[in-house]
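Data first, discussion second: the structure below is written as structure tokens.
The values are calculated or read from the model by the stated rules, or taken from the named source; none is laboratory data. Please read these numbers as outputs of a predicted model, since none were measured by experiment. Note: ideal-geometry Cβ built from the backbone for every residue, glycine included; neighbour counts use all protein chains shown.
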Amino acid sequence: MFKKLLALAATCSALSMPAQAVDCDSWVWGFDAACSHIKGTWNEGTGGLYLTGYAWHNRSAYDADKIDNYNEFAYGGGLGYHRPIGNRNEEMIYTIAFADSHEEPQIHAGYAYMWYWDIAGPLRAGAGVTGGFFFRNADYNYLPMPFALPMLGVKYDKANFYATYIPGGKNNGNVLFLFSRFDY
């Protein structure tokens with residue numbers, strides 16, 4: 001267990017190191033805009049601590065014996081940057097590492113864009129999208145795999161709570177993943 005936690009911490013630290021200056025203008029059309037958003041968030045963003053917590057496996061998509069063997073306490077965390085984008089919306093870049101369904105390290109490096117609506121005072125609700133790459137031992141031997149997922153969020157001052165759903169088929173995917181971000 002200690003080795004897994006140490007691997008999670010080392011990965012998050014390595015992936016959150018300062019990046020070299022990047023010239024987004026020389027990127028292929030479409031990717032230049034994505035590069036500019038990521039670079040802008042990196043340079044102008046505020047830091048945040050991410051904590052992961054729960055990975056609920058949809059009971060209607062899994063056999064009972066599979067559910068009994070899966071870890072749903074997706075403990076872990078990571079670091080990231082976020083910045084406001086017009087009308088109180090927000091974009092973020094992040095790296096998180098957590099215990100997957102088999103209690104092995106899983107790493108996500110991603111970008112997210114959230115649209116927010118005021119509810120009451122500093123309480124806001126939002127919806128958005130996230131995408132990036134994940135690294136997972138089960139099925140992929142830690143090869144980088146792309147992902148694009150919907151996100152829902154609730155924000156209260158410097159505390160942020162998110163949910164995303166990973167679609168899938170019978171006995172795979174179909175996971176509701178919950179995590180949080182605390183701004184500093």
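Condition test on Met145, is it touching a residue at least 40 places away in the same chain (Cβ under 8 Å) and aliphatic (A, V, I, L, M)? So Met145 fails the test. Of all residues in the stretch 62-95, those satisfying the criterion of being of a type in the set (Ser, Thr, Tyr), in contact with a Ser or Thr (Cβ under 6 Å, 6 or more places away or on another chain) and part of a strand (DSSP E or B) are Tyr81, Thr95. Applying the condition of being assigned to a strand (DSSP E or B) and among the hydroxyl-bearing types (Ser, Thr, Tyr) to the stretch 130-184 and asking which residue is farthest from Asn69 (Cα to Cα) yields Tyr156.
So Gly76 passes all but one of these: (1) touching a Phe, Trp or Tyr at 6+ places or on another chain (Cβ under 9 Å); (2) among the small types (Gly, Ala, Ser); (3) in contact (Cβ under 8 Å) with a residue 40 or more places away in the chain; (4) on the phi < 0 side of the Ramachandran plot. Which condition number does it fail? The number of the failed condition is (4).
Of the residues making up the stretch 37-53, at least one is hydrophobic (A, V, I, L, M, F, W, C) and at pLDDT 95 or above. Within the stretch 99-156, the set of residues being surrounded by fewer than 17 Cβ atoms within 10 Å (Cβ to Cβ) and of a type in the set (Gly, Ala, Ser) comprises Ala120, Gly121, Ala125, Ala127, Gly131, Ala138, Ala148. Taken over the stretch 100-129, the criterion of being under 20 Å from Glu90 (Cβ atoms) and either of a type in the set (Phe, Trp, Tyr) or in contact with a His (Cβ under 8 Å, 6 or more places away or on another chain) (or both) is satisfied by Tyr111, Tyr113, Trp115, Tyr116, Trp117.
Gly132 meets each of the listed conditions (1) touching a His at 6+ places or on another chain (Cβ under 8 Å); (2) over 19 Å from Gly45 (Cβ atoms) apart from (2). Conditions first: (1) out of contact with any Asp or Glu (no Cβ under 8 Å at 6 or more places or on another chain); (2) part of a strand (DSSP E or B). Met114 passes all but one, so which condition is the exception? Result: Met114 passes all but (1). When Ile67, Ile38 are checked against the criterion of being in contact (Cβ under 8 Å) with a residue 24 or more places away in the chain, closer than 29 Å to Tyr140 by Cα and either of a type in the set (Val, Ile, Thr) or loosely packed, with under 13 Cβ neighbours inside 10 Å (or both), a single residue qualifies: Ile38.
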